[in-house]
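Let me begin by presenting the structure, written as structure tokens, before commenting on it.
The values are calculated or read from the model by the stated rules, or taken from the named source; none is laboratory data. Computed from a predicted model, the values in this text were never measured in an experiment. Reconstructed Cβ throughout: ideal geometry from the backbone, glycine too, with neighbour counts over all protein chains shown.
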């Protein structure tokens with residue numbers, strides 16, 4: 001499963017309104033719940049906040065990958081949010097986070113959940129892509145960049 005299989009343009013927020021961690025998680029949860037049947041926004045937010053208490057999902061380099069497994073959905077879903085100004089997310093490198101990938105998986109899907117985390121991490125390794133995503137013009141541009149990078153990474157992985 002590829003990121004582009006589960007991320008749609010309608011699940012991209014080109015500029016988050018929130019300026020702090022809780023607000024970002026709330027905004028991402030609300031946005032995703034509007035596009036996914038059976039996804040309980042309140043429960044999702046509760047799970048995301050619980051996960052953040054274990055340790056920040058801010059992985060550094062301006063990126064955070066909040067994630068949760070939840071009852072009520074049948075497949076992995078992903079949304080993306082961007083903050084040009086950046087948000088203090090208690091990231092590993094203590095720098096503001098600009099790019100947020102929210103991954104939500106069915107409660108019993110450990111393998112799919114981990115594969116999606118790995119897939120998102122893989123495409124975000126490229127510093128140039130991270131920089132371009134911060135300054136992309138809109139959700140179409142953001143989506144196109146993600147799809148192109150994913151194809152490039154997969155092409156490089158073929159032996």
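Go through the stretch 114-142 residue by residue and tally those that are under 25 Å from residue 69 (Cβ atoms), in contact (Cβ under 8 Å) with a residue 40 or more places away in the chain and assigned to a helix (DSSP H, G or I). Show your work before the answer.
Here is the first cut: in the stretch 114-142, the residues under 25 Å from residue 69 (Cβ atoms) are 114-125.
Of the ones still in play, those that are also in contact (Cβ under 8 Å) with a residue 40 or more places away in the chain are 115-117, 119-121, 123-124.
This time we only want the ones that are assigned to a helix (DSSP H, G or I), so: 115-117, 119-121, 123.
Total meeting the criteria: 7.
Filter the stretch 11-31 for residues that are over 19 Å from residue 119 (Cα atoms), in a helix (DSSP H, G or I) and in contact with a strand residue (DSSP E or B) (Cβ under 9 Å, 6 or more places away or on another chain) and give the result.
Of the residues in the stretch 11-31, the ones over 19 Å from residue 119 (Cα atoms) are 13-31.
Now restrict to residues that are in a helix (DSSP H, G or I): 21-31.
Result: 21, 23, 24, 25, 27, 28, 29, 31.
Residue by residue through the stretch 71-86, note down the ones that are crowded, with 18+ Cβ neighbours inside 10 Å and under 16 Å from residue 101 (Cβ atoms).
Residues of the stretch 71-86 that are crowded, with 18+ Cβ neighbours inside 10 Å, as a first pass: 73, 76-83.
Within the stretch 71-86, 76, 77, 78, 79, 80, 81, 82, 83 meet the criteria.
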* Can we say residue 111 is outside any strand (DSSP E or B), farther than 21 Å from residue 12 by Cβ and modelled with pLDDT under 95? -> yes
* If we scan the stretch 77-95, do we find a residue that is touching a helix residue (DSSP H, G or I) at 6+ places or on another chain (Cβ under 7 Å), in contact (Cβ under 8 Å) with a residue 12 or more places away in the chain, under 16 Å from residue 9 (Cβ atoms) and part of a loop (DSSP other than H, G, I, E, B)? -> no
* Which listed residue, of 24, 3, is in contact with a helix residue (DSSP H, G or I) (Cβ under 7 Å, 6 or more places away or on another chain) and crowded, with 19+ Cβ neighbours inside 10 Å -> 3
